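See below for the structure under consideration.
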Amino acid sequence: MEKAEKLEVTKSGHLRKPDWIRVKAPTSKGYNETRNLMRGLKLNTVCEEAACPNIGECWTKKHTTVMILGDTCTRACRFCNIKTGKGNPVDPDEPAHVAEMVVVTQMKHIVITSVDRDDLKDGGADQFVKVISAIREASPDTTIEILTPDFRNKPGALETVVAAKPDVFNHNLETVPRLYTRIRPGARYFHSLNLLSKVKTLDPEIFTKSGIMVGLGEEEIEVLQVMDDMRSADIDFMTIGQYLQPTKKHVDVEEFIKPDQFLKFKKRAKAKGFLHVSSSPLTRSSHHASEDFEILQAARLELLAKKQNKIHQDAPIDIDEMKKHNPNYEF
Ligand code: SF4
């Protein structure tokens, strides 16, 4: 992969962020209003817990990614800032609170994620369903995107969630398979891929989405292979963003990928047939999710129209019908 030009190393021995990564501290009125609303409704967000660099931009526009099932994750991925430990008790009021937030902010499209809940029998699937139902009841026009854990060793959990018919089903592969044991030790690459493939088999109407972080030491060829794997699982939308080290305890950034390389990835991924690709240093799976959903819908319609057109063009020639309309022509 084309490397970034020589980057300064900080006193603590870490790479200093390049200009294209730096973002302003959030200070807007809209940001504060969103923050107060979330606190008031006792809702956790991945925006805060994962220290997302886009929080100023998103919260100013009242776009949040709600993290259900508590603030403590039962896995310990080496890239993630979410607290790890024993899962919190499931909050029965959470679905109503999420729905209230959607109504108050008049959200067109919401992204719901959760911590991993390996401690729960259903992996948290039932709470996803309750949240989806509460939003549907309170705000039927809001489209719903879920970003789920891998439901590993939770038989029936995936089917339960798919039956609730979210508009978009996202599950991130996070990195290339070679780095799983170092970066995502509790997960399995092919299990995650298979999960997404199964969503499409169970309900082809649901858009599927997945993403990876780059800058963890992966090779370009490995990223291209992940694209192929995702296409073979019929994934509609791929996201690619720069990994940022949340604290010194987390795995180091190996390199800052240049914006040009992100563009190159985008072109390669588009050529492989994804309906949509978001690839930039600050791409996160829920960044601009509402706008991306509209792009996905339009791209699917365009693809269907092309397919229908092709079926029309490829239709076998009916000689008898042609003779009927051209009696004087010799066939
Ligand atoms: S990109 Fe996603 S996680 Fe980050 S602030 Fe925006 S909504 Fe939250």
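The values are calculated or read from the model by the stated rules, or taken from the named source; none is laboratory data. On a predicted model such as this, the values are computed, not experimentally measured, just so you know. When we count neighbours, we look across all protein chains shown, and the Cβ atoms used for this are built from the backbone with ideal geometry, even at glycine.
See the values below:
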item: Test set (1) modelled with pLDDT of 95 or more; (2) out of contact with any strand residue (DSSP E or B) (no Cβ under 8 Å at 6 or more places or on another chain) - K310 fails condition number; result: (1)
item: Residue under evaluation C47, criteria (1) of a type outside the set (G, A, S); (2) touching a helix residue (DSSP H, G or I) at 6+ places or on another chain (Cβ under 6 Å); (3) near the ligand (Cβ under 9 Å from one of its atoms); (4) in a loop (DSSP other than H, G, I, E, B), criterion not met; result: (4)
item: Members of segment 268-289 that are outside any loop (DSSP other than H, G, I, E, B), farther than 26 Å from D19 by Cα and either within 13 Å of the ligand (Cβ to nearest atom) or in contact with a strand residue (DSSP E or B) (Cβ under 8 Å, 6 or more places away or on another chain) (or both); result: K270, H276
item: Cross-chain or 6+ apart pairs with Cβ under 8 Å, segment 47-71 first and without any contact (Cβ under 8 Å) to a residue 12 or more places away in the chain, then near the ligand (Cβ under 9 Å from one of its atoms); result: E48/I55
item: Only one of R78, R117 that is assigned to a loop (DSSP other than H, G, I, E, B), away from the ligand (no atom under 14 Å from the Cβ), among the basic types (K, R) and in contact with a helix residue (DSSP H, G or I) (Cβ under 6 Å, 6 or more places away or on another chain); result: R78
item: Total residues in segment 120-135, condition among the acidic types (D, E) and outside any helix (DSSP H, G or I); result: 1
item: Residue under evaluation R75, criteria (1) in contact with an Asp or Glu (Cβ under 7 Å, 6 or more places away or on another chain); (2) under 16 Å from G123 (Cβ atoms); (3) free of Cβ contacts under 8 Å to residues at least 40 places away in the same chain, criterion not met; result: (3)
